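Inspection log for the structure reproduced underneath, given as structure tokens.
The values are calculated or read from the model by the stated rules, or taken from the named source; none is laboratory data. Model, not experiment: these values are computed from the prediction. Because the Cβ atoms are built from the backbone with ideal geometry, glycine has one as well, and the counts that use them run over all protein chains shown. Ligands, DNA and RNA are excluded from the accessible area calculation, which covers all protein heavy atoms including side chains. Shrake-Rupley method; radii C 1.70, N 1.55, O 1.52, S 1.80 Å.
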Amino acid sequence: LWSVDNVGGVSASTPELKEAGLWIKNGEVIAFPTETVYGLGADATNEQAVENIFLAKGRPSDNPLIVHIGEMEQWEPLTASIPEMAKQLAEVFWPGPLTLIVPKSNAVSEKVTAGLSTVAVRMPAHTVARALIQAAGIPVAAPSANRSGRPSPTKAEHVIEDLEHRIAGVVDGGPSGYGLESTVVDCTGETCWILRPGGVTKEEIAHVLGENNVEIAASAHSSTDQTPRSPGMKYRHYAPDVPLYLVPGTVDEMLKKIQEEQAQKRVVAVLAVEEHREPLGGLADMFFSLGSRMNLSEVSASLYDHLRQADLSGADVILSETFPKEGLGLAIMNRLEKAATQS
Ligand code: TXA
Ligand code: MG
């Protein structure tokens, strides 16, 4: 475990990052913080190292990885060509929580892309992440650093919970900022498709490309799409072990649902916004405040941590309230729906 303060002065020559970078260069699998969630990184050009990521996570090998770059010059060699709209998005949103899917070059192993002819690339904004990639000197393939199917880690301790003894090390840079994975955008066609909503919203992308040039894939809206464009979307995801149910509608409906569960002698944990602590907190056996409804970035930043806490709380069932599917709310609802138990 390397601890690195994410305040000023962090660079590729920071001793801890130099060392961790060397481990990656040598083919080891290392977890590191990004501004979205913690990633599980290895040398994207080393097939054995990439395979070790899949092994550590228990991830199906048909689900491709994102290649993380530390500077712009690393992008082009990974691609066969960079579509104009991808360039525009990179210019505006990189470094940041946006992953762009473009045609891949021969330099990218099919182990990384799970046999696809496209590659997902992202330049993270987190200073520790970028300094680490620069220290390694190579593009770094990294999925989220959770065991496959679990909520993504937003703290180093989540990584340790899931992956201790399965990976070579963890760089601890404190809690990640957005708390939800990056927005994934397929830029290989006539229009750009949002495959996974995230910190960069549809509204922001439309502002750059024009309203007519961006679409949201059905599976980014709901979890019932039968023909996902992104292999990752067919798996149940982000899920706690305790059953999670979403309760749309009013506070009264949530109160009714809590009573129903308690009548079945179940211990109930509730995830809801701070504004609803008063009516719900008294009745629920456990109450986890997601933050203010007026500030959805609070909700996204803490959502996975709260799912993990509720999972470990001793509850028999977790009930969560829902959010309007616009702006950040779309990403929050996408994750909640994927985490929820299908009834
Ligand atoms: O914020 C993030 O994106 C984090 C941090 C660590 O950067 N990473 C992350 O990786 O969430 P992962 O592997 O958990 O999710 C990557 C998603 C998956 O749904 C995968 O199917 C999709 O991106 N993906 C990767 N390459 C793809 C491709 N060539 N075509 C379509 N989807 C792709
Ligand atoms: Mg993941």
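The accessible surface of the chain, taken with every protein chain in place and a 1.4 Å probe, is 48 percent carbon and sulfur. For V317, the residues 5 or more places off, or on other chains, whose built amide H falls under 5 Å of its own are V267, A269.
Highest GNM mean-square fluctuation among P64, P151, P15, for the chain modelled with Cα contacts below 10 Å: P15.
Could you pull out the GluC sites (Glu not before Pro) across the range 158-225 that fall in loop regions by DSSP (anything but H, G, I, E, B) with no more than 14 other Cβ atoms inside 10 Å? Here the GluC sites (Glu not before Pro) that fit, given the DSSP loop and packing criteria, are E164, E190.
Rounded to the nearest 5, the antiparallel percentage of DSSP beta bridges internal to the chain is 40%. When the P(r) of the chain is calculated, the portion above 25 Å amounts to 50% of the C-alpha pairs.
Rounded to the nearest 0.05, what FRET efficiency is calculated for E19 and L55 with R0 set to 30 Å and r the Cβ-Cβ distance?
0.85
In the full protein context, the chain carries 41 Å² of accessible surface per residue, based on a 1.4 Å probe and ignoring ligands, DNA and RNA.
In what sequence, highest mean first, do 46-52, 123-129, 281-287 appear when ranked by Cβ atoms within 10 angstrom? Each step should come with its number before you reach the end.
Values: 46-52: 17.4, 123-129: 24.7, 281-287: 15.9.
Per-residue Cβ counts within 10 Å, averaged per peptide and sorted highest first, yield 123-129, 46-52, 281-287.
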